[in-house]
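Some notes on the structure that comes next.
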Amino acid sequence: MADNALVEIKNISKSFVTEDVETKALTDINLTVNKGEYICVTGPSGCGKSTFLSLLGLLDASSGGSYTLNGMDVSNLSQDDCALIRNKEIGFVFQSFNLISDLTVEENVYLPLTYQKTFSKKEMKAKAQDVLNKVDLGHRTSHFPAQLSGGQQQRVAIARALINDPSFILADEPTGNLDSENTAIVMGLLDQLHKDGRTIFIVTHDPRSAEFASRQIMMKDGTIVADEQKQMGAITHPTVEE
């Protein structure tokens, strides 16, 4: 594995079997993601994008092939070991935010830290405040998700993804439930995180969101059909809402 490689996927495949019928979701995927890259995956519905993201995030296991993450072979780990690595290495941002309605913003953000059992309540609150400040929501710690707009909820989800200082961020349709203004705000935050050195990997149907990435991967029928680097132009982002 190259020194700068964060992810190395070799001949990954994924099949689902239902009622004795096998469906191949991914076939012989090969991919290297270097530290600090900003990658966007696009393609038609059903092409395997979300399945691939689930494998990268160790939310599901492949049917074959190898996966090395940050120098560690994670191809055949137990569910418990996968959970430990997810908590340490990967930050997730989902289309539906996945915030817990009866927890405050602060509690939602520091929730991943509670599974480590190494931080005091004071330390968790301080870390949550820090990442919420980064998404301009440091003044909303005691609010509940229902009291926030969709754009604000997604920014809370981004803060939660940052709380463990992960190796990379996986975002599955992060703007799918947002209007154009909040889409630009959220994508602007991810863009800034990339400029700060984060590795970003997103799946999206939105061509505007795809434009932020410096590398674009196209999938079709469970395979990668294009993998292109592109030059980034100057992009102007709207001011973050309060």
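So which strands (runs of 3 or more DSSP E) stay within the range 1-82 end to end and still have 1 or more residues that are aromatic (Phe, Trp, Tyr) and surrounded by fewer than 14 Cβ atoms within 10 Å (Cβ to Cβ)?
Hits in the range 1-82: 5-18.
Could you list, ordered by first residue, the pairs with Cβ atoms under 7 Å in which the first is in the range 26-54 and closer than 12 Å to residue 9 by Cα and the second is surrounded by fewer than 16 Cβ atoms within 10 Å (Cβ to Cβ) and basic (Lys, Arg), at least 6 apart or interchain?
Within 7 Å, the pairs are 30/10.
With the requirement that a residue be among the basic types (Lys, Arg), more than 20 Å from residue 8 (Cα to Cα) and out of contact with any helix residue (DSSP H, G or I) (no Cβ under 7 Å at 6 or more places or on another chain), what does the range 155-203 give you?
Matches in the range 155-203: 195 only.
Does any residue of the range 112-122 turn out to be touching a helix residue (DSSP H, G or I) at 6+ places or on another chain (Cβ under 7 Å) and either under 22 Å from residue 202 (Cα atoms) or open to solvent by less than 40 Å² (accessible area, probe 1.4 Å) (or both)?
Checked against the condition, which is being touching a helix residue (DSSP H, G or I) at 6+ places or on another chain (Cβ under 7 Å) and either under 22 Å from residue 202 (Cα atoms) or open to solvent by less than 40 Å² (accessible area, probe 1.4 Å) (or both), the range 112-122 yields at least one hit.
Give the residues of the range 86-111 that are closer than 26 Å to residue 203 by Cβ, among the aliphatic types (A, V, I, L, M) and not in a helix (DSSP H, G or I), sorted by residue number.
Of everything in the range 86-111, those that are closer than 26 Å to residue 203 by Cβ, among the aliphatic types (A, V, I, L, M) and not in a helix (DSSP H, G or I) turn out to be 90, 93, 99, 100.
Identify the residue in the range 21-40 that is among the hydrophobic types (A, V, I, L, M, F, W, C) and under 23 Å from residue 73 (Cα atoms) and, among all such residues, is modelled with the lowest pLDDT.
If we take residues in the range 21-40 being among the hydrophobic types (A, V, I, L, M, F, W, C) and under 23 Å from residue 73 (Cα atoms), then 25 is modelled with the lowest pLDDT.
Just the residues that are under 12 Å from the mean Cα position of the chain (by Cα) and either in a strand (DSSP E or B) or of a type in the set (A, V, I, L, M) (or both), please, taken from the range 160-172.
If the condition is that a residue be under 12 Å from the mean Cα position of the chain (by Cα) and either in a strand (DSSP E or B) or of a type in the set (A, V, I, L, M) (or both), then 161, 162, 168, 169, 170, 171, 172 are the ones that fit.
For the range 115-152, give me each residue that is of a type in the set (A, V, I, L, M) and not in a helix (DSSP H, G or I).
Correct list: 135, 137, 148.
Pick from the range 189-242 the residues that are open to solvent by 80 Å² or more (accessible area, probe 1.4 Å), of a type in the set (Val, Ile, Thr) and at pLDDT below 90: which of them is farthest from residue 42 (Cα to Cα)?
239
Any residue in the range 124-140 that is open to solvent by less than 80 Å² (accessible area, probe 1.4 Å) sitting within a Cβ distance under 8 Å of a residue that is among the charged types (D, E, K, R) and not in a helix (DSSP H, G or I)? List the pairs, counting only those 6 or more apart or interchain.
Pairs that qualify, where the first residue is open to solvent by less than 80 Å² (accessible area, probe 1.4 Å) and the partner is among the charged types (D, E, K, R) and not in a helix (DSSP H, G or I), are 136/242.
Assess whether residue 156 counts as being modelled with pLDDT of 95 or more and either among the hydroxyl-bearing types (Ser, Thr, Tyr) or under 16 Å from the mean Cα position of the chain (by Cα) (or both).
Yes; evaluated as a whole, the condition is true for this residue.
Since residue 72 meets every condition but one in (1) under 22 Å from residue 159 (Cα atoms); (2) among the hydrophobic types (A, V, I, L, M, F, W, C); (3) out of contact with any Lys or Arg (no Cβ under 6 Å at 6 or more places or on another chain), which condition does it not meet?
That leaves (1) as the condition not met.
The values are calculated or read from the model by the stated rules, or taken from the named source; none is laboratory data. Values in this document were obtained by computation on a predicted structure and should not be read as measured data. FYI the Cβ positions are ideal-geometry reconstructions off the backbone, even for glycines, and counts take in every protein chain you see. Side chains included, ligands, DNA and RNA excluded: accessible areas come from the protein's heavy atoms. Shrake-Rupley method; radii C 1.70, N 1.55, O 1.52, S 1.80 Å.
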